[in-house]
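See structure below.
What follows draws every value from the coordinates through simple rules; no lab data is involved. None of these values were measured; they are calculated from a predicted model. Note that each Cβ is placed from the backbone with ideal geometry, even for glycine, and that neighbours are counted across all protein chains shown.
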Ligand code: NDP
C-alpha cells in the first residue's frame, strides 16, 4: 500500500533530504503537497518529478511563476501562508515539517489535527508552542517524531524505556563555525564566516544559529517540551566531531548513546520508516580509524544563548515565542548587515527583559496568542536593533 506524504519546506535542506529518500522508492509513496518559498524552479521541478497533487509557495507574488512552471501538468498551485496551512489539512499519512522559523507552526498544527504522523524538523514549533503542539497531537491521536538529529537520537535511546527513570539527557553541539575562535574575533565575524559549518550541510539560518549556539538553545527547549524532562536534567556538551548526537543517562547509572555520521538522512529516514528500521544510505563508522571522541563544556561567555534558554524554560508560558521571535528578527538583522554577530544575543536578552513584564507572555497558549507574542517580540527586537550604535 502506498503512503500519502506531504513535505512542508520541500525546497530546503531537510525537504531535499526527505525527497532524496522518497525518490529511492517512489512507488511506495503518493505525494500530496509540496511547499516552498522563493525557490520556484526547484518547487516546480520537485512537484513534476513526484507528481504532487498541489504545490504551494509562501509568497503570493511568486504564484504566476509557479503556475507557468506547472502549466499542463494538472498539479494544483496556490500561494500564501493560509494556503500552506490548508494544504497541511489535506489527508496524509506522514507529513514532514521542514519550513524554517515560526511559519512552520500553523501547518504543523493543521497536520496534527487531521491525525497525520508529523516528522518535526521545525524545532521552532516546539519552542514557541510546545504544550499546544503536544496536546493537539494527543487530542487527535497523532504522533510527532523528532527529526533534529539530537532529538531523534534521544527518541531512539528511549525506545522501550520508562521516561521517569531518566536522570539526564545530554545533547551534543559541534560548536559551530567559531568553536575555536577567541571571543574578540567572534565579535568581528562576518556573514560568510558564520555561514560555514564545519560538519553539517544545512540551510543558512540554522548554520548561523549553530555558530551562535542559538540552535543549541532552541534544542534545549525542544528537549524539555518534547520529552517532558525538567530543565535541570538537560545539558549541552560540545563535541567537535558531531558523531555522538545525544546521550541518555538513567537512574541506575547506565547511559545510552546514539552515534553516527553527521548525515540527516539517518534522522529523516528513521522518522520516515518508523516504527520499523529500513536500510539507509548513510556511511558506517570505522571506530578503529576514528580513534577518539572529544568533549568539552560549552563556554558560557561565548554562548549566552544557552543561559537565555534556561531562563526561558524556567519562565515558561509564551516566553519561548518571545525568545524565538526576537532571535529570528535579530538573525534577519545580522544577515542584512545591520548588527554584529554578538549583538544577536544582546538583542534577544533585551527583548526578553522588556517583554517579561508584559501580560501577553502569561496569556493562554493559543495559536493566536503565540502569533501575537511572536509579532510583539519582533517589534521590540527591531527597536533594540535600531537603538544599537552602528
Ligand atoms: P532551509 O533554509 O534550507 O529551508 C527552509 C524551507 O522553508 C525552504 O523550503 C524555504 O523555501 C521555506 N520557507 C522559508 N521561509 C518560509 C516561509 N515564511 N513560509 C513558508 N516556507 C518558508 O532550512 P533547513 O532545511 O535547514 O531547516 C528547516 C527546519 O529544519 C528548520 O526549522 C531547522 O531548524 C530544522 N532543522 C534543519 C536541519 C538541517 O540539517 N538542515 C537539522 C535539524 C533541524 P525557499 O527556500 O523556497 O524560499
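Working from label points 7 Å from Cα in the Cα-to-Cβ sense, the residue 183 to residue 383 distance is 2.9 nm. In the chain, helical runs assigned H by DSSP with n ≥ 4 each contribute -39500 (n - 2.57); averaged across all residues and rounded to the nearest 500, the mean residue ellipticity at 222 nm is -14000 deg cm²/dmol. How much FRET efficiency would the formula 1/(1 + (r/R0)^6) give for residue 288 and residue 255, where r is the Cβ-Cβ distance and R0 is 25 Å, rounded to 0.05? About 0.70, to the nearest 0.05. With the simple model of a label 7 Å out from the Cα in the direction of the Cβ, residue 48 to residue 114 spans 2.6 nm.
Expressed per residue, the C-alpha convex hull volume of segment 110-247 stands at 118 Å³. For segment 39-75 versus segment 189-224, the inter-centroid distance based on Cα atoms is 30 Å. Judged by the ratio a/c of the largest to the smallest principal axis of the C-alpha gyration tensor, segment 296-390 counts as oblate, that ratio being 1.5 or greater while a/b is no larger than b/c.
Extents of the chain, taken as max minus min of Cα coordinates on every principal axis and listed largest first, are 57, 52, 41 Å. Taken as Cα centroids, segment 313-390 and segment 118-185 sit 22 Å apart, rounded to the nearest whole angstrom. Full extension of the chain segment joining residue 135 with residue 372 gains 83.3 nm, where the gain is 0.36 nm per residue of separation less the Cα-Cα distance. The calculated FRET efficiency for the pair residue 204 and residue 41, based on their C-beta separation and a Förster distance of 22 Å, comes to about 0.75. When 75, 221 are sorted by how many other C-beta atoms sit within 10 angstrom of their C-beta, beginning with the fewest, the order is 75, 221.
Length, then width, then depth: along the principal axes, the Cα atoms of segment 60-157 run 47, 25, 22 Å.
Between residue 301 and residue 230, what's the calculated FRET efficiency when r is the beta-carbon distance and R0 is 22 Å? Round to 0.05.
Working: r = 26 Å, r/R0 = 1.16.
Computed FRET efficiency for residue 301 and residue 230 comes out at 0.30.
Sort segment 219-376 into rounded, prolate or oblate with this rule: let a ≥ b ≥ c be the square roots of the eigenvalues of the Cα gyration tensor; rounded if a/c is under 1.5, and if a/c is not under 1.5, prolate when a/b is larger than b/c, oblate otherwise. Prolate, because a/c is 1.5 or more and a/b exceeds b/c. Every Cα-Cα pair in segment 1-107 was counted, and those over 17 Å apart are 44% of them. Counting neighbouring Cβ atoms within 10 Å and putting the fewest first, the residues 14, 206 line up as 206, 14.
Entry for segment 246-295 at q = 0.14, 0.21 Å⁻¹: log10 I(q)/I(0) = -0.51, -0.95, Debye formula applied to identical alpha-carbon scatterers, no solvent contribution. This ranking places 167, 235 by how few other beta-carbon atoms lie within 10 Å of each, fewest first, which gives 167, 235.
In what sequence, highest mean first, do 281-288, 301-308 appear when ranked by Cβ atoms within 10 angstrom? Walk me through the numbers on the way to the answer.
Values: 281-288: 9.9, 301-308: 19.0.
Top of the packing list down: 301-308, 281-288.
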